[in-house]
Amino acid sequence: STNKRKSTNNKKVVAVVGGGLVGALNACFFAKRGFQVEVFESREDIRRAKIVKGRSINLALSHRGRQALKHVGMEDTIVSNGIPMHSRMIHSLNGTQSPIPYGKKGQYILSVDRANLNKELLSAAEMYPNANLNFAHKLLDWNTETGAMTFVRVDGAKEEIQADLIVGCDGAFSAVRKQFLRQSRFNYSQTYIPHGYLELTMPPVNGEFAMKPNHLHIWPRNTFMMIALPNLDKTFTCTLFMPFDKFEKITTGNQVIDFFQEYFPDAIQLIGVDALKRDYFRLPAQAMVSVKCSPYHLGDKCVLMGDAAHAVVPFYGQGMNAGFEDCLVFNEIMDQLNEDFSAVLPEYTRIRVPDDHAIADLAMYNYVEMRAHVNSKWFLFQKYVVNFLNMIMPRTIIPLYTMVTFTRMRYHEAVKHWHWQNKVIKQGLFACAAVCLSGGSYLLLRYPPKMLYVLVEQLWTRLQDPKNPS
Ligand SMILES: Cc1cc2nc3c(=O)[nH]c(=O)nc-3n(C[C@H](O)[C@H](O)[C@H](O)COP(=O)(O)OP(=O)(O)OC[C@H]3O[C@@H](n4cnc5c(N)ncnc54)[C@H](O)[C@@H]3O)c2cc1C
Ligand SMILES: Cc1cnn(-c2ccc(OCc3ccccc3)c(C(=O)O)c2)c1-c1ccc(Cl)c(F)c1
């Protein structure tokens, strides 16, 4: 039976498929506008699930995500539960730790707990009288003509629901997107990278953080990388990124320790030998996929946001921030085009696709760059050079990471500016080299040093009379 959720104020019904981070936030945006919002989430209500102790996965929240949260009045709540990370802490192989500030005082990223963030956003959506959360509803398919969606419940029962707008926020393996794949002129690509990731927990020492908490800890080792973000319970969640073929070669606890001894020696004591041997094998390494597609809309019936539209590899810490910014950009276009879906949806595709593709490419570029070139020395060198250039030319040279993380400059414009400033830097370096070379040779010729004079004279004499030994 197809039933349409009753709209309380004959406002249009918006079905948000997926109650993850972006779906829950989107529900707040649409509910705030007065739509009848129905969220359909395949999982049970995570707020009722028993707390699974142990690993708390955390994420880096930055400016773009905060601006979206701010729009629905959630920024203060989320920021108050986050831990500011004012600088990177680069761990070298010899154990030295080098802090490199992210920038000016207000420029910091926040470590936030993923599950808590999701719960807060679900509860915020539920506060709206015109919003309903429907858990244990898994979308199977939807009809592009009628907008009718088919859900399956845990007992296998099927339910058909009608809506005026379907917002696909059901993640990287989106069921909503399946219908798009059947349409002509729908572009889609997905790339699994050869790296996987594994999370480890670094416990507190004597009730205190084992490392300085207000930093994003990074162990850049070319092929292998590890990061650690702090949690409110004074633990760190460490994420180890490594090729799957390397994960597969490490099969015993001692091999884990040997590996860490070679690449992350300072982390062994901090995580603990037994914990390392145990936690390393608790879950298999997870895959990372990059998904790009366009257009993001189908007629005036359906639009994709978040990972359903653009799953990115996590090497820029922007996936969630980009998904949150999707909600904000869509909302801005709804204001501009008076909520006319037939105009809003194509405009959203036109504006947002270039930016989300840009951050997907940037994240993949970072992955390739860090895997190939970036050890701790190169990381430090790169950041010092760019920060120095930014200091002497603050309006011309802006670190790419700053434009991406601490501004709402459109992602594709940040990339354009980055390419331009790289050209300026290269031209500047070339000009300096040319000046040094010509200046140097002028000085040598104008004021040849005595020794050089004697050498040239001897050379000249030898050339004239090779037999003369002098
Ligand atoms: C290792 C790692 C580290 C990361 N670190 C960061 C970071 O530091 N900063 C950052 O900004 N981003 C980070 N990200 C990216 C971030 O996790 C994602 O971008 C974000 O979770 C996307 O949110 P989403 O709501 O679009 O998708 P998801 O979080 O995947 O949520 C999708 C929801 O839809 C539900 N669903 C799926 N299928 C169906 C269906 N058929 N019917 C109904 N419901 C369905 C799922 O149960 C889920 O609740 C990281 C990602 C990874 C893998
Ligand atoms: C979760 C999160 C939030 N931000 N970042 C991040 C990413 C890249 C960065 O620089 C790239 C670079 C440095 C040096 C040379 C080239 C590129 C910086 C930085 O500048 O501090 C910070 C991450 C992150 C995620 C995964 C890995 Cl593996 C990682 F190391 C960090």
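What is the Å³ per residue value for the convex hull set by the Cα atoms of segment 361-470?
Working: hull volume 22.0 nm³, N = 110.
So the per-residue Cα hull volume is 200 Å³.
What share of Cα pairs, in percent, lie more than 22 angstrom apart in segment 207-286?
More than 22 Å apart: 21 percent of the Cα pairs in segment 207-286.
State which entries of K119/K178; K105/K212; K212/K234; K105/K416; K11/K32 exceed 20 angstrom in Cα-Cα distance in the structure shown.
Details: K119/K178 27 Å; K105/K212 18 Å; K212/K234 10 Å; K105/K416 26 Å; K11/K32 12 Å.
Beyond 20 Å between Cα atoms: K119/K178; K105/K416.
Computed on the Cα trace of segment 278-322, the radius of gyration divided by the Kirkwood hydrodynamic radius gives Rg/Rh = 1.17. Placing unit charges on the Cβ atoms only, positive for Lys and Arg and negative for Asp and Glu, gives the chain a dipole magnitude near 880 debye about its Cα centre.
Computed from backbone phi, the HN-Hα couplings of segment 321-336 come to 4, 5, x, 5, 5, 3, 4, 5, 5, 4, 5, 4, 6, 4, 5, 5 Hz, rounded to whole numbers (Karplus: 6.51 cos²θ - 1.76 cosθ + 1.60, θ = phi - 60°; Gly and Pro given as x). Axis of helix 114-126 versus longest Cα principal axis of the chain: the two differ by about 40°, to the nearest ten degrees.
With N the number of residues in segment 239-345, Rg(Cα) / (2.2 N^0.38 Å) evaluates to 1.65. For N134, the residues whose amide H sits under 5 Å from its own are V39, F40, E41, ignoring neighbours fewer than 5 places away on the same chain, with H placed 1.01 Å from N.
List residues of segment 413-427, by number, whose backbone nitrogen lies under 20 Å from a label position 7 Å along Cα→C-beta of S438. Counting only backbone N, you get 424-427. Rg/Rh, computed from the Cα trace of segment 307-379 with Rh as the Kirkwood radius, has the value 1.15. Could you tell me whether segment 149-225 comes out rounded, prolate or oblate from its Cα gyration tensor? Rule is a ≥ b ≥ c as square roots of the eigenvalues, rounded for a/c under 1.5, then prolate if a/b exceeds b/c, otherwise oblate. It comes out prolate by the Cα gyration axes. Modelled spin-label separation between N81 and Y447, with each label point placed 7 Å from Cα along the Cα-to-Cβ direction: 6.9 nm.
Of the trypsin sites (Lys or Arg not before Pro) in segment 107-199, the ones in a loop by DSSP (not H, G, I, E or B) with at most 16 other beta carbons within 10 Å are R153, R182, R185. Neighbours of G19, meaning other residues whose beta-carbon lies under 14 angstrom from its beta-carbon, give a summed charge of -2 when Lys and Arg score +1 and Asp and Glu score -1.
Across every direction, the projection of the convex hull enclosing the Cα atoms of segment 384-441 has a mean area of 4.3 nm².
Based on the Kirkwood radius over alpha-carbon pairs, what is the Stokes-Einstein translational diffusion coefficient of segment 3-151 at 37 °C with 0.692 mPa s viscosity, in µm²/s? Mind dumping the intermediate values first?
On the way: Rh = 17.5 Å.
Approximately 187 µm²/s, per Stokes-Einstein.
Local charge for V415 was computed over the other residues whose Cβ lies under 11 Å away, with Lys and Arg +1 and Asp and Glu -1, and equals -1. Residue separation of R47 and T461 scaled by 0.36 nm, minus their Cα-Cα distance, works out to 139.9 nm of gained length. Count Lys and Arg as plus one, Asp and Glu as minus one, and take only other residues whose Cβ is under 10 Å from that of C293; the net charge is then +1. Rounded to the nearest 20, the size of the Cβ-charge dipole of segment 356-470 about its Cα centre is 160 debye, with Lys and Arg at +1 and Asp and Glu at -1. Can you give the log10 of the normalised intensity I(q)/I(0) at q = 0.10 Å⁻¹, computed with Debye over equal Cα scatterers of the chain? These q points yield log10 I(q)/I(0) values of -0.80. For the pair segment 226-301 and segment 430-470, the centres of their Cα atoms are 58 angstrom apart.
How big is the Kirkwood radius of segment 93-150, worked out from every pair of different alpha carbons and given in Å to one decimal? If you can, show how the numbers build up before the last one.
Values: mean 1/r = 0.0596 Å⁻¹.
Taking every pair of different Cα atoms in segment 93-150, averaging 1/r and inverting gives 16.8 Å.
Computed 3J(HN,Hα) for segment 396-402, one whole-Hz value per residue from the Karplus formula 6.51 cos²θ - 1.76 cosθ + 1.60 where θ = phi - 60°, is 9, 9, 10, x, 4, 4, 5, glycine and proline marked x.
How much mean residue ellipticity at 222 nm does the chain get from its helices, if each DSSP H run of length 4 or more adds -39500 (n - 2.57) and you divide by all residues, to the nearest 500 deg cm²/dmol?
Details: 15 runs with 203 residues, N = 470.
It lands at -14000 deg cm²/dmol.
Values in this text are rule-based calculations from the coordinates and carry no lab data. Please read these numbers as outputs of a predicted model, since none were measured by experiment. Ideal geometry is used to build each Cβ from the backbone, glycine not excepted, and the neighbour counts take in all protein chains shown.
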